[in-house]
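Colleague: Just dropping this structure here.
The values are calculated or read from the model by the stated rules, or taken from the named source; none is laboratory data. As the structure is a prediction and not an experimental result, all values here were calculated from the model. Please note: Cβ atoms are built from the backbone with ideal geometry, for glycine as well, and neighbour counts cover all protein chains shown.
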Amino acid sequence: MPFRKLTIAVATLILLVAVSLQGCVGTATPEPVNAPVPTARLNSPKSELKAPQARPSTDPARLHPEAPSNSPTPLPVPVVTPPPRLEGGSVVEGGLADVVTLNPVLADDHISLAIIELLFDRLLAVDPETGSLRPGLASSWRVSADGLTITFTLRNDVLWHDGQPFSAADVEFTFKAIMNPAVGSPRQADFSLVEEFKAVDDTAFVVTLADADCSILYDLGSVRIVPRHILSDDDIQTSYFNANPVGTGPFMFGEWVAGDHITLLRNPRYWRKAPHLDAWTYKVVADEEALLADLEAGQLDVIPLPLDDLASVEAAGHFQIHRYLANEYYFIGYNVDHPILGDVRVRQALSQAVDRQRLVDRVLGGQGQLLDSGLLPAHWAYPQELAGRPFDPVRAAQLLAEAGWVDSDGDGIRDRDGEPLRLRLSTNGGNPVREAIAILVQQYYLAVGVAAEVELMQWSNFLEDTFTHDFDMVVFSWPLALDPDEWELWHSSESVLDSGFNFVSYYNPRVDELLLQGLSVPKCEEARRAAIYGEIATILAEDQPYAFLFAPYNLIAVNERVGGVAPSSFAGLHWNLADWYVSH
């Protein structure tokens, strides 16, 4: 079954989550939380254009769950008369890292991928409101009734930046390059189920699968296509093209000064519509302090905004603040094989003992959204009737008592048959968001009579214990997927020591059945898939293998002269850069 989907996401995540590198709320070098951990056992120490992760408070008073909430007022939506939209002009965006490569076949870092998004088009676009697939270079697509053949009909009016026509031969070449082991593309594992990529004619491209897998549509659709007429005779790993690309996107390559900036120019022949801007520049800046200084000085128009600087930028009064959800959600995973946590009543009680909104307030300064699933509420497959487990310590106490856990000796800790209710809560030390979650959750558990020992572990040790199922509870995070399939997280076959991603050992035969159905829906009809994944979400809400917590917000500061910026939690910041404009 589909091993490939999550493994790629996790390969990226393993590099990122230890340092919490997510959108306007990831930092490359997070600083440990300095608040005291009452019973913690410390082990040995361990882009789209990205912005710094919101650092949690280090004030022990604020970290106490009963401290007054200081959640900020939601960011206001300004009601103003739009400035005049001008054609031309340029926008300069700042960031902390440089581009590595401009070849979509090779890129796997966020900065390179963010630039590539503007230079190259993909087969299928993502709806910024719902996450649904919609036409891109492919004007339409069709999945056969058995799910084994996907046919893309391509546009016939697309030109490469050098004026050559785009065709299905370019698409076939791109996918075959990805699958060539000598090229070493990070996307290769995404397509392990593919038996053949074939250009039938100039506008027809067919993919043949070994097994039905509706989720592969997102993988196929996300690939940025490269020109066969330029790369077919090149060594892709060392090609001149990698630093001087030719794409089909709304912007064309201008110049790249390594370590300083990269400039893209308006593509006047873009097949959708030509951008308003003449040029867009990404500027590499030394640190967050310099980013903010350059924004205030007018040298930068757009920057990722650290939470700590939000108030001062808002107070300046001449910057827009844009907020959208980062591609990461946090959760507490319960080891379902644990003799105590195997009781669903205990898992439900622990989930209802935690005030998740206060976690968002304390850890993210209010800049996050509660989640009850691994999908965003606006996602096309999210069941609108899904009801999470609200904060209810009274109900949590009742559930624990029903499971036989009572405080028989009055010491504040529940017990059963002489055994106190003690559990370990593990996460990786040095990750400020996860540490702060663990500290706060420990106190919520204690309030309902559960003693939790917080373990802040070296990253490698934490991963080893987690994936060998040697834990009670973990604070962890996963990427937010666009396709709703989560086979690797919930199917019982993935609960394999040291390799499966179902490290909580969850097993529900109905969920196993539904996961298989979701991948093999005839013609991959969206409505039928949504009903299947809605049922899965409802079952998970009852079984509680995870306590879903929240997703943090990305924060972006934009000069008031720039209009048209409309970031999407599904499509990112730059999905509509062609619509950006300057008013003066």
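Colleague: Considering VAL126, VAL100, which residue is out of contact with any helix residue (DSSP H, G or I) (no Cβ under 7 Å at 6 or more places or on another chain) and among the β-branched types (Val, Ile, Thr)?
Modeller: VAL126
Colleague: Kindly provide the set of residues from the range 335-394 that are more than 24 Å from PHE501 (Cβ to Cβ) and touching an Asp or Glu at 6+ places or on another chain (Cβ under 6 Å), ordered by number.
Modeller: If the condition is that a residue be more than 24 Å from PHE501 (Cβ to Cβ) and touching an Asp or Glu at 6+ places or on another chain (Cβ under 6 Å), then ARG345, GLN352, PHE391 are the ones that fit.
Colleague: Just one of GLU172, GLU195, GLU117 is of a type in the set (Asp, Glu) and in contact with a His (Cβ under 9 Å, 6 or more places away or on another chain); which is it?
Modeller: Going through GLU172, GLU195, GLU117 in turn, just one is of a type in the set (Asp, Glu) and in contact with a His (Cβ under 9 Å, 6 or more places away or on another chain): GLU117.
Colleague: Does at least one position in the range 491-503 carry a residue that is charged (D, E, K, R) and under 23 Å from the mean Cα position of the chain (by Cα)?
Modeller: yes
Colleague: Considering every residue within the range 318-339, establish whether at least one is within 17 Å of ARG414 (Cα to Cα), surrounded by fewer than 18 Cβ atoms within 10 Å (Cβ to Cβ) and modelled with pLDDT of 95 or more.
Modeller: Start the filter on the range 318-339 by keeping residues that are within 17 Å of ARG414 (Cα to Cα), which leaves 339.
Next, only the ones that are surrounded by fewer than 18 Cβ atoms within 10 Å (Cβ to Cβ) stay: 339.
Add one more test, that the residue is modelled with pLDDT of 95 or more, and what stays is 339.
Within the range 318-339, one or more residues are within 17 Å of ARG414 (Cα to Cα), surrounded by fewer than 18 Cβ atoms within 10 Å (Cβ to Cβ) and modelled with pLDDT of 95 or more.
Colleague: Going by what's in this entry, would VAL394 be described as surrounded by 15 or more Cβ atoms within 10 Å (Cβ to Cβ) and at pLDDT 95 or above?
Modeller: Criteria not met by VAL394.
Colleague: Consider the range 341-363. How many of its residues are charged (D, E, K, R) and either within 30 Å of TRP580 (Cα to Cα) or assigned to a loop (DSSP other than H, G, I, E, B) (or both)?
Modeller: So the answer is 2.
Colleague: So, in the range 278-317, of the ones that are under 25 Å from the mean Cα position of the chain (by Cα) and surrounded by fewer than 17 Cβ atoms within 10 Å (Cβ to Cβ), which residue ends up nearest to ASP260 (Cα to Cα)?
Modeller: If we take residues in the range 278-317 being under 25 Å from the mean Cα position of the chain (by Cα) and surrounded by fewer than 17 Cβ atoms within 10 Å (Cβ to Cβ), then ASP287 is nearest to ASP260 (Cα to Cα).
For every residue, the table says whether it meets (1) among the charged types (D, E, K, R); (2) not assigned by TED's automatic domain parsing to the domain that holds PHE501.
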site: LEU307; (1), (2): no, yes
site: ALA316; (1), (2): no, yes
site: TYR334; (1), (2): no, no
site: ARG362; (1), (2): yes, no
site: GLY366; (1), (2): no, no
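Colleague: List the helices (runs of 4 or more DSSP H) that sit entirely inside the range 404-514 and contain at least 1 residues that are touching a helix residue (DSSP H, G or I) at 6+ places or on another chain (Cβ under 8 Å) and surrounded by 19 or more Cβ atoms within 10 Å (Cβ to Cβ).
Modeller: Answer list for the range 404-514: 432-447, 487-490.
Colleague: Which pairs do you get when a residue that is hydroxyl-bearing (Ser, Thr, Tyr), found in the range 270-293, comes within reach of a residue that is assigned to a loop (DSSP other than H, G, I, E, B), reach meaning Cβ atoms under 6 angstrom, with the pair 6+ apart or on two chains?
Modeller: TYR270/PRO250
Colleague: If you don't mind, there's one more thing I want to ask. Which residues, taken from the range 381-403, are part of a loop (DSSP other than H, G, I, E, B), within 33 Å of the chain's Cα centre (by Cα) and hydrophobic (A, V, I, L, M, F, W, C)?
Modeller: ALA381, LEU386, ALA387, PHE391
Colleague: Within the range 557-572, can one find any residue that is in a helix (DSSP H, G or I), at pLDDT 95 or above and surrounded by fewer than 22 Cβ atoms within 10 Å (Cβ to Cβ)? Quick ask: steps written out before the conclusion?
Modeller: Step one: of the range 557-572, the residues in a helix (DSSP H, G or I) are none.
Within the range 557-572, not a single residue is in a helix (DSSP H, G or I), at pLDDT 95 or above and surrounded by fewer than 22 Cβ atoms within 10 Å (Cβ to Cβ).
Colleague: Quick one: how many residues across the range 221-260 are in contact with a strand residue (DSSP E or B) (Cβ under 9 Å, 6 or more places away or on another chain) and charged (D, E, K, R)?
Modeller: 3
Colleague: Inside the range 219-271, can you point out the residues that are acidic (Asp, Glu), assigned to a loop (DSSP other than H, G, I, E, B) and not assigned by TED's automatic domain parsing to the domain that holds PRO165?
Modeller: Passing the criteria: only ASP260.
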